[in-house]
Amino acid sequence: MSATILTPPATPRRVRRGPSADMLRLLMVLALILAIIVVGAVVTDRFMRPENFANVFEQATDLALVALGQSLTVLTGGIDLSVGSMISLLSVLTSGLIDGNSAMVLPVCLGILAGGTLLGVLNGCGVVWLRVHPLIVTLGMGAILQGVALLYTRAPIGSIPDGFDSLAYGRVAGISVGGAATALIFVLVAAFLRYTNTGRTIYAVGDDSQAARLLGMPVRRVILLVYGASGFFAAVTAIYLVSRFGSGQPYAGADYTLASVTPVVVGGIALSGGRGSIFGTLLGAYLLAILNDLLNFLHVPTQIQLVAEGLIIMAAVSIHVERGRRS
Amino acid sequence: MNGSLLAKARGVGAAKAPLAGRIMPPGFTSLLSRYGIYLFMVVFLLVAAVAAPSFFSRGNLSNLVLQIVPLAIVACGQAMVILVRGLDLSVSSVMATAAVVATSFSGHDADIPSIVLLSLAIGMCAGLVNGLLVVKRNVSPFLATLATMIVLQGLRFAWTHGAPSGLMPPLLHRIGAGTWGFIPMNLPVLLAVALPLVLVLHRTTLGRRVVITGGNPMTGRLLGYPVDAIVIGAYMLSGCLAAIAGIVLGGYAQIVDNWVGRGFELDSIVAAVLGGFALSGGRGNVAGVIAGSIVLALAGNIVLLIGLPVQFQIILKGVVIVFAAACYARR
């Protein structure tokens, strides 16, 4: 531990010899993606069409967005299990308040983004001031939000004006606009994590929050920031899902709570915090999307798809043995 | 209880030493953190008594216990996993699988031995996979058990083709939903699970070793305990108890779908944490877990008795989780 305090903790852990552990993990996920592509190319010739890849790129968007927020909380050694309920609540609010009126789109979306951020910050407050484990705080918050969503409506509600669905389905030169925007957001967040003080403090807090505090880093503010960010990206996902489905549903987000953690960890961010790259999360989301795509091509029944997904997760997370333990 | 031993053990190889909770003289805070859940339980019972006199009717009470027992059984297993610094998200999937297995036979009482054996075997296999992934491959428990949960889900759906058919054998239905007078018949199942667990964990060397290993695995290793076996054993026990709970809960409903036990993975974690098990491992006692399960169930029951819309059940549950944890389950 004392070594951690003496070396600058803001630097993400790097192995000097050879490629870094982060890089190895990225290469591994890429290799898995390539393997799936090869299998797809062998099994069906339609798999290699550009349209198929464009579809996968589009379909990964929602998961990538939630997982981005989740990555930030996990990097600080926390977790946000309220994202699913938050997406549910915010999606019914989005479509319920817009209700087909195009004049309402902008104010409602801004309000939803602000609301999501605020709820996330509230999570952060629970973690910081109540000093309760993030898992419990966000779980409790998730239950409350799900209840409120069901109080608001118990069935799909509202509708969206014409053109709002272009957020989810819009394409320029065959490439999904939403997907491209998401990739761009990842680049921006990665730059933020890499090149700003606050970004590096996020890694430091996750690596050893005690040491970070002793070094005078604003640990509490950073924790508020990451949970706020997680709430913000949950709000973005909610709006995106409304755009995709045309209405909000009170259980729209239920599956995202646990699903959002999968790409994060498959991509190499340690649940103990402080290590891993945000691009791993993006690749993790692409991996899951392309796996689903391949299994659909193979006409694999949904049941077996679940089994395959579980096995891929097991394989991906158990390949790097030495990553888990600190020396 | 074993504070001094733990403190010594932590001193050996401890990197971070979260000693505060144990070394402190038994002042108000530490009393609250140890007995807070019982306080909470009593307050809830009083609230229920004042708000809705019908709460203490025999019918409501025995029905409440019938609902608490499956959760308490799962939570006991979950608590053992949390004790060794893990989490088990696969319990709900194991529960549903056990219940589905139980309905896949002819529905006569003669099937019960095979049902129980097969379910327990499935639960323990799931636990074994979890444990091996965590211990041998160093996968984080959250993800290892999540993957097991998904795989089991898929296998279950493949096995049932989406819709389980058949009924629970009558005897299992009676155990899950019946009462002797006003004593719920599933209560003995909980006692049969919890009492040995209490005795082993809090009164034997093995139990102490588990607690020490959970508090600091390195210490356990230095003291020569079979750390890997202890951790794997905890996961297998959790899978086993989840299978038992699945059969009991399936018996309560009698007609089983693919989602028996949905939500129990998170509820059981909450019950264990409310009961005083720290997610950082090495702390907690089994009686608290049962009290935690009772508090969770009470939160739902009170809402219905007061006559609030059913959605308030989840909201109140969320409030209770955060508030109770903030009161006495701080990190």
Can you order the peptides B:188-201, B:146-159, B:67-80 by their average number of other Cβ atoms within 10 Å per residue, highest first?
B:67-80, B:146-159, B:188-201
Length-normalised contact order of chain A, Cα under 8 Å, at least 6 apart, in percent, tallies to 34 percent
I'd like to compare B:297-310, A:283-296, A:139-152: which one has the highest average count of other Cβ atoms within 10 Å, and what's the full order after that?
A:139-152, A:283-296, B:297-310
Roughly how crowded by other chains is peptide A:255-263, in terms of the mean Cβ count from those chains within 10 Å of each of its Cβ atoms?
2
Could you tell me what percent of the accessible area of the protein assembly as shown is made up of carbon and sulfur, with a 1.4 Å probe and every protein chain present?
68 percent
Among A:194, A:46, A:171, determine the one that fluctuates most according to a GNM of chain A built with springs between C-alpha atoms less than 10 Å apart.
A:46
Global form of chain A, assessed from the alpha-carbon gyration tensor, a/c cut-off 1.5:
oblate
Counting sequence-distant residues (5 or more places) and residues on other chains, those with an amide H built under 5 Å from that of residue B:139 are B:134
Quick one: length gained pulling residue B:54 to residue B:198 fully straight, 0.36 nm per residue minus the C-alpha distance?
48.5 nm
Give the accessible surface of the protein assembly as shown per residue, rounded to a whole number of Å², with probe radius 1.4 Å and ligands, DNA and RNA excluded.
41 Å²
For chain A, modelled as a Gaussian network with Cα springs under 10 Å, which listed residue fluctuates most, A:257, A:302, A:117?
A:302
So, R0 is 60 Å and r is the distance between the beta-carbons of residue A:101 and residue A:302; what FRET efficiency does that work out to, to 0.05?
0.95
The ³J(HN,Hα) series, computed from each phi in region B:68-77 with the Karplus coefficients 6.51, -1.76 and 1.60 at θ = phi - 60°, rounded to the nearest Hz and given as x for glycine or proline, is 6, 3, x, 4, 5, 5, 4, 5, 4, x
Total accessible area buried between chains A and B, 1.4 Å probe, in Å² to the nearest 100?
3900 Å²
Going by average Cβ density within 10 Å per residue, which order do the peptides B:53-60, B:235-242 take, highest to lowest?
B:235-242, B:53-60
Can you show me the helix-derived [θ] at 222 nm for chain A, built from DSSP H runs with n ≥ 4 at -39,500 (n - 2.57) apiece and divided by the number of residues, rounded to the nearest 500.
-22500 deg cm²/dmol
Shielding by other protein chains, B:155-164, mean Cβ within 10 Å:
3
At the level of C-alpha centres, the distance separating region A:159-195 and region A:266-289, in angstrom, is 19 Å
Given Cα pairs under 8 Å that are at least 6 residues apart, what percent is the relative contact order of region A:236-327?
20 percent
Highest GNM mean-square fluctuation among A:231, A:246, A:174, for chain A with Cα springs under 10 Å, belongs to A:174
Projected area averaged over orientations for region B:80-234, convex hull of C-alpha atoms, nm²
10.7 nm²
Label-point separation (nm) for residue B:125 and residue A:20, each offset 7 Å from Cα along Cα-to-Cβ?
4.3 nm
Cα centroid distance between region B:238-275 and region A:19-38, in Å?
37 Å
Could you tell me the center-to-center distance, by alpha carbons, between region A:90-111 and region B:62-124 in angstrom?
44 Å
Tell me which residues come under 5 Å, amide H to amide H, from residue B:179 once H is placed; ignore anything under 5 positions away on its chain.
B:185
To the nearest whole number, what is the average tally of beta carbon atoms from other chains within 10 Å of the beta carbons of peptide A:119-132?
2
By the C-alpha gyration tensor axes a ≥ b ≥ c (rounded if a/c is under 1.5, else prolate when a/b exceeds b/c, else oblate), the shape of the protein assembly as shown is rounded
For chain B, what class follows from the C-alpha gyration tensor (a ≥ b ≥ c being the square roots of its eigenvalues): rounded when a/c is under 1.5, otherwise prolate if a/b is larger than b/c, else oblate?
oblate
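The values are calculated or read from the model by the stated rules, or taken from the named source; none is laboratory data. Values in this document were obtained by computation on a predicted structure and should not be read as measured data. Counting neighbours? That spans all protein chains shown, and the Cβs are built from the backbone with ideal geometry, glycine included. Just so you know, the surface numbers come from the protein's heavy atoms only, side chains and all, with ligands and any DNA or RNA stripped out. Shrake-Rupley method; radii C 1.70, N 1.55, O 1.52, S 1.80 Å.
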